[in-house]
1. Check VAL181 against each of (1) open to solvent by 60 Å² or more (accessible area, probe 1.4 Å); (2) modelled with pLDDT of 90 or more; (3) assigned to a helix (DSSP H, G or I) and name the one condition it does not meet.
2. Any idea which of (1) free of Cβ contacts under 8 Å to residues at least 24 places away in the same chain; (2) surrounded by 14 or more Cβ atoms within 10 Å (Cβ to Cβ) is the one VAL169 doesn't satisfy?
3. Of the residues PHE125, PHE137, which single one is surrounded by fewer than 18 Cβ atoms within 10 Å (Cβ to Cβ), among the hydrophobic types (A, V, I, L, M, F, W, C) and either in contact with a Phe, Trp or Tyr (Cβ under 9 Å, 6 or more places away or on another chain) or at pLDDT 85 or above (or both)?
4. Which one is least open to solvent (accessible area, probe 1.4 Å) among residues in region 257-286 that are of a type in the set (S, T, N, Q) and in contact (Cβ under 8 Å) with a residue 60 or more places away in the chain?
5. Name the residue, out of GLU254, GLU235, that is under 21 Å from ASP89 (Cα atoms), part of a helix (DSSP H, G or I) and open to solvent by 40 Å² or more (accessible area, probe 1.4 Å).
6. Can you tell me which residue is farthest from THR117 (Cα to Cα) among those in region 184-193 that are in contact (Cβ under 8 Å) with a residue 24 or more places away in the chain and in a helix (DSSP H, G or I)?
7. Do we have TYR144 as touching a Lys or Arg at 6+ places or on another chain (Cβ under 7 Å) and open to solvent by 10 Å² or more (accessible area, probe 1.4 Å) here?
Amino acid sequence: MSTSTARESRFEIGKHDMMVFILVMSLTGLQNAVTEILPEFALGPLELGVGEFVFIPIVLVLLFRTYWAALAVPVGEIVFGEILLGEFDGLGAMEGLLLIPVCYYFAAKLLQDPENTRQLAIVVFLAEALEEFFAMFIDIGKVYVGVEELEAVPGLPESIIVLEGVDFVTQMVITGIVFGVIPALYLYPKLHGKVEPLLGMEPFEGERGASMRSGFSITALVAVVVAFPLAFAAEAGSEVGGAINVIWEPEFLETYGQTFIAVPIVASAIVAVLVWYRATRSAGDR
């Protein structure tokens, strides 16, 4: 059976990487589209709800451990959660496109013992926490540089920090733990070593008892640090507007109603099934 080796670059992209990219993209888009129809509850100025079933993209990134798998996460959200719904903002989409892959990839490399549930829990939580942490400061920064109006308590600019901080904590509890760590602790061991070979990838064996420190990458950390100001600049540019932005907003949901959400759900499911069918068929021929 033809497989990728551990010695190959994690940034090298080949046939198997493309299949992984499309599979992760479609499954991420599917979960993103499903969470769009879940209700949110208002608690004062806060909105409580399921941001996403984050365990799905994070587990997939941990299984394949390539930057391309991590990049497929925001691409899936953009294609199936924005473009197909007619809500695409080019610069606005750049925040997730820049932050999510580097945060997920940095965290994924820290998992050195796949059988260590403590490491797995920390890595899953860290991946989501990093992305949410930087997104929180981007939202705060937009208010303080004046590209977004303050929607908190009038006359009290500091309240935006409190509100964003509370929102960060609630999101980490709901999305990070309830729909992140807990299901990932069950799903990852079930899929590890079984899914990767079907897509021509070698499962990550790691080392029993290995420390997370051995997976720490300065390069991956620098990528996170560099991505943050770039993401802020893109998000600020989106708020300001201008000729450099690309916006496509036919607003299909407003035109055809909430039933239109079935389009990205069905489309992403079909893509995922086709990729999985081709992968399993190719595996059977080897």
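1. With respect to (1) open to solvent by 60 Å² or more (accessible area, probe 1.4 Å); (2) modelled with pLDDT of 90 or more; (3) assigned to a helix (DSSP H, G or I), VAL181 is out only on (1).
2. (2)
3. Values: PHE125 fails: surrounded by fewer than 18 Cβ atoms within 10 Å (Cβ to Cβ).
Answer to the check: PHE137.
4. SER268
5. Details: GLU235 fails: open to solvent by 40 Å² or more (accessible area, probe 1.4 Å).
Within the list GLU254, GLU235, the selection yields GLU254.
6. First pass over region 184-193, keeping only residues in contact (Cβ under 8 Å) with a residue 24 or more places away in the chain: 184-185, 187-189, 191-192.
Now restrict to residues that are in a helix (DSSP H, G or I): 184-185, 187-189, 191.
Values: ALA184: 10, LEU185: 7, LEU187: 12, TYR188: 10, PRO189: 9, LEU191: 14 Å.
Here the residue is LEU191.
7. Criteria not met by TYR144.
Rundown of residues vs (1) among the charged types (D, E, K, R); (2) within 22 Å of the chain's Cα centre (by Cα); (3) under 21 Å from LEU126 (Cβ atoms), yes/no style:
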| residue | (1), (2), (3) |
| --- | --- |
| ARG208 | yes, no, no |
| ILE218 | no, yes, yes |
| ALA223 | no, yes, yes |
| ALA233 | no, yes, no |
| PHE252 | no, no, no |
| GLY257 | no, no, no |
| PHE260 | no, no, no |
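The values are calculated or read from the model by the stated rules, or taken from the named source; none is laboratory data. Treat the numbers as computed from the prediction; the structure is a model and nothing was measured. No Cβ is skipped: glycine too gets one built from the backbone with ideal geometry, and neighbour counts run over all protein chains shown. We work out accessible area using only protein heavy atoms, side chains counted, and drop any ligands, DNA or RNA first. Shrake-Rupley method; radii C 1.70, N 1.55, O 1.52, S 1.80 Å.
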